[in-house]
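For reference, the structure is listed below as structure tokens.
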Amino acid sequence: MTQNQPNERITELRRLLASYSYQYHVLDSPTIDDSVYDSLFGELKKLEAQYPELITPDSPTQRVGGELLGGFKKVAHSMRMLSLNDVFDQAEVEAWVKRIDKLLPGRMHEFFADIKMDGLACALIYQDGLLTQAITRGDSFVGEDVTANVRTIKNVPLRLIAARKPTQRLQGDTLQNDTSKFLVGRTEIRGEIVMLKKDFVALNERRKEAGLPLFANPRNLAAGTIRQLNPKLVAERPLSFRAYDLLRDNPRDVPTNSFAYEAIRALGLAANLQASIFTSLNGVMQFVHEWDTKRNSLPFNTDGLVIKVNDRAQYVRLGTVGKQPRAAVAYKYAAEKATTVVKDIVVSIGRTGAATPVAVFNPVVVAGTTVQHASLHNADEIARLDVRIGDTVVIFKAGDIIPQVESVVLELRPVDAKPVDYKRLLAEQYPELEFDRPIGDVVYRVKGADSDLMLKRSVQYYASKGALDIDTLGEKNVVALVDAGLVKDLADIYTLAVDDLLQLDRFADVSANKLIDAIAVKKTPPLEKFILGLGIRHVGTQTAIDLANTFETIERLQQASMEQLEAVDGIGKVVAESIVAWFADPDNEALIDKFSSLGVVPFYQKKTGKLVGQNFVITGSLDSMTRDEAADRIRSLGGTFQTAVAKDTTYLVAGGKVGASKLKKAESYDITIINEQELTKLIEDS
């Protein structure tokens, strides 16, 4: 075979495989069997291995690259990736249209509406038709470069195609545009990275069969997957890209939003087929109501629609207010409602020292998910609702996401239900703390609490040896990172990049890379270490281990009820309340979601060893090791370290200066008492 022959064969194989991939992943209309595709793909791999000089970046063999080192680089967007103002009913849509008419008087408006996808916003940059970069939304100005991971998404073309000429009607005129222009220069395509419902279900089925923990929901999984540092792992998960916008340096290349969708499809990407043009507000609202009833049939999750002015020139002239464009809104569907009974009201202390009351109630399904607690926000909200323990309440989900108490069904109130005394509630649940409520503030806060100081302490604890044990993330480095504004919560440590650290006086190339590598290693921490690192009140090392052994995933722990928590050995009402309150706090819920979106995946490994099922208490001092070292050795062999003698204690280890009360209690329970040498023998023999 001559040099020209393999070049021609390789080129033809790439073209054919790209066409088959487009038909399968974008048009959902495969024209060949998988085995045929695999055979042609195998031939291409062999030819490229034989002639590596002929490999090009857009070859389908080049989708999966090597592991990323040093995290994701930050990249500025060419144009801000704006968020949209929310509207919830027809009156708000009408008010939005009136504002547009006032700014552009006498102009006719076409509207373009599409289903709002619940995924991770991302911008794909194509240069002369070749995919060169993929950037997340970030803070709308600056995102992260996730190109290596996005290349693994099979319906993202590595090279654009010019399949046909889209035709778009604009207020009576006919516009015809050749999409080949988008193969020259810079073309940016924005959209959502999602995991389709069927793919999510199939993935969880495979994990269930393999005995692996199940993923909680498609959106968090999609976001967390894209932020993995290993593209090979990303390639194993069935992500999809749905485009919703097309940007060019010359705005006249894209005259309308509907034309953008036509061009997107012609270039080889998927865009929602439900999207439609409307010449009147009535048409828009009919579309809104239609998909309110049909949205469960969609292949992806949604909580509403996006409504835009179709004419892009008008869109630009209307401008922006803050982070939102005037020419578009997000219509959010009304949340579903349900009733349940309030079993308790617990208080969570947030990272700023704010005391947030949380209603704990019987589990109830709202908007498709089971919820069992909701924030009551503050003492004034409790008083406004007059919610009491034992009340039947109406629960709804704001924006289909956050459960909230709407009202109390007074007709079902128990005769003995008492109004909540919030100061007394704080004193009962936090007897060691003092609270005050500054004038003009609705929130009670811990006296003397400084938010930066609390954050520094929580990050230090998370990184400490007993928790995640992150090398070089000690007190001084934590202080520097928080003071510089680089770390604003626990999860932010996983967003750090070498360039961020080099801006600080404390870091040079070696130390910066060392810290980033140390943090990256802890993206898959043992579940019990992760639970401990969260700093939940009353949850120490052994309790964290017991929780991990019982629930096995952070998602199951997050959804655990009071009864399930109190069923765990050693956990009573006070500890259970503390755990429920922590996970019910909106800030903490957002923190757990953020960990997931950053690819932090705690793992559970069932403990094994000869000390499994044996419980140890140590009294007095030890000579050969500290009490903490002894506890770690016992736990590493599957044993349980207890702080107090109980009926289920197996051994009481009596060291120097023994506590008489523990000895007496152990004898009354007929517990075996051993000395340090016998403990050492047990550990060494195991």
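The values are calculated or read from the model by the stated rules, or taken from the named source; none is laboratory data. Everything quoted here is computed from the prediction, not taken from an experiment. Cβ coordinates were reconstructed from backbone atoms using ideal geometry, including for glycine residues, and neighbour counts include every protein chain displayed.
If you go through segment 642-661, how many residues are out of contact with any helix residue (DSSP H, G or I) (no Cβ under 7 Å at 6 or more places or on another chain) and over 12 Å from PHE616 (Cα atoms)?
6
Hey, GLY535 hits all of (1) part of a helix (DSSP H, G or I); (2) farther than 20 Å from GLU144 by Cβ but one; which does it fall short on?
Only one criterion is unmet by GLY535, namely (1).
Taking the stated definitions as given, is THR640 in contact (Cβ under 8 Å) with a residue 60 or more places away in the chain, crowded, with 17+ Cβ neighbours inside 10 Å and of a type in the set (Ser, Thr, Tyr)?
On the way: in contact (Cβ under 8 Å) with a residue 60 or more places away in the chain: yes; crowded, with 17+ Cβ neighbours inside 10 Å: yes; of a type in the set (Ser, Thr, Tyr): yes.
Spelling it out, THR640 is indeed in contact (Cβ under 8 Å) with a residue 60 or more places away in the chain, crowded, with 17+ Cβ neighbours inside 10 Å and of a type in the set (Ser, Thr, Tyr).
Please verify whether segment 451-461 includes one or more residues that are buried (at least 17 other Cβ atoms within 10 Å of the Cβ), aliphatic (A, V, I, L, M), modelled with pLDDT of 90 or more and over 16 Å from GLY350 (Cβ atoms).
no
Going through segment 279-328 one residue at a time, which ones are at pLDDT below 90 and of a type in the set (Ser, Thr, Tyr)?
THR293, SER297, THR302, THR320
In the set LEU652, LEU663, LEU682, which member is over 24 Å from ILE571 (Cβ atoms), surrounded by 13 or more Cβ atoms within 10 Å (Cβ to Cβ), of a type outside the set (Ser, Thr, Tyr) and under 47 Å from the mean Cα position of the chain (by Cα)?
LEU682
Restricting the search to segment 183-202, which residues are under 18 Å from PRO251 (Cβ atoms) and crowded, with 22+ Cβ neighbours inside 10 Å?
Scanning segment 183-202 gives THR187, ILE189.
Which one is surrounded by the fewest Cβ atoms within 10 Å (Cβ to Cβ) among residues in segment 299-314 that are more than 28 Å from the chain's Cα centre (by Cα) and of a type in the set (D, E, K, R)? Lay out the reasoning, then the answer.
Residues of segment 299-314 that are more than 28 Å from the chain's Cα centre (by Cα), as a first pass: 309-314.
Keeping just the survivors that are of a type in the set (D, E, K, R) gives 311-312.
Numbers: ASP311: 24, ARG312: 22.
The extreme case among them is ARG312.
Is there a residue being of a type in the set (Val, Ile, Thr) and touching a Gly at 6+ places or on another chain (Cβ under 7 Å) anywhere in segment 353-362?
yes
Residue-by-condition table, conditions (1) under 20 Å from ASP587 (Cβ atoms); (2) surrounded by fewer than 18 Cβ atoms within 10 Å (Cβ to Cβ); (3) free of Cβ contacts under 8 Å to residues at least 60 places away in the same chain:
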{"site": "VAL316", "(1), (2), (3)": "no, yes, no"}
{"site": "PHE361", "(1), (2), (3)": "no, no, yes"}
{"site": "ASN378", "(1), (2), (3)": "yes, no, no"}
{"site": "LYS397", "(1), (2), (3)": "yes, no, no"}
{"site": "GLU411", "(1), (2), (3)": "no, yes, yes"}
{"site": "LYS423", "(1), (2), (3)": "no, yes, yes"}
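Residue check, LYS343 against (1) over 23 Å from the mean Cα position of the chain (by Cα); (2) touching a residue at least 12 places away in the same chain (Cβ under 8 Å); (3) not in a strand (DSSP E or B), all met but one. Which one?
Going through (1) over 23 Å from the mean Cα position of the chain (by Cα); (2) touching a residue at least 12 places away in the same chain (Cβ under 8 Å); (3) not in a strand (DSSP E or B) one by one, LYS343 breaks only (3).
Would you confirm, using the coordinates I've provided, whether ASP245 is at pLDDT 95 or above and either surrounded by fewer than 22 Cβ atoms within 10 Å (Cβ to Cβ) or not assigned by TED's automatic domain parsing to the domain that holds LEU120 (or both)?
When the stated conditions are applied, ASP245 passes them.
Go through segment 88-112 and give me each residue that's among the aliphatic types (A, V, I, L, M), under 11 Å from VAL309 (Cβ atoms) and either modelled with pLDDT of 90 or more or within 33 Å of the chain's Cα centre (by Cα) (or both).
VAL97, ILE100, LEU103, LEU104
Restricted to segment 602-619, and to residues that are surrounded by fewer than 20 Cβ atoms within 10 Å (Cβ to Cβ) and not basic (Lys, Arg), which residue is farthest from THR553 (Cα to Cα)?
Among those that are surrounded by fewer than 20 Cβ atoms within 10 Å (Cβ to Cβ) and not basic (Lys, Arg), it is GLN614.
What pairs come up if the first residue lies in segment 178-202 and is assigned by TED's automatic domain parsing to the domain that holds LEU124, the second is buried (at least 19 other Cβ atoms within 10 Å of the Cβ) and among the basic types (Lys, Arg), and their beta carbons are under 7 Å apart, counting only those six or more places apart or on different chains?
These pairs meet every condition: GLY191/ARG242; GLU192/ARG242; VAL194/ARG242.
Among (1) under 30 Å from VAL234 (Cβ atoms); (2) modelled with pLDDT of 80 or more; (3) not small (Gly, Ala, Ser), where does GLN605 come up short?
So the condition that GLN605 fails would be (2).
Out of the residues in segment 360-394 meeting the condition of being assigned to a strand (DSSP E or B) and of a type in the set (S, T, N, Q), tell me which one is nearest to GLY440 (Cα to Cα).
SER375
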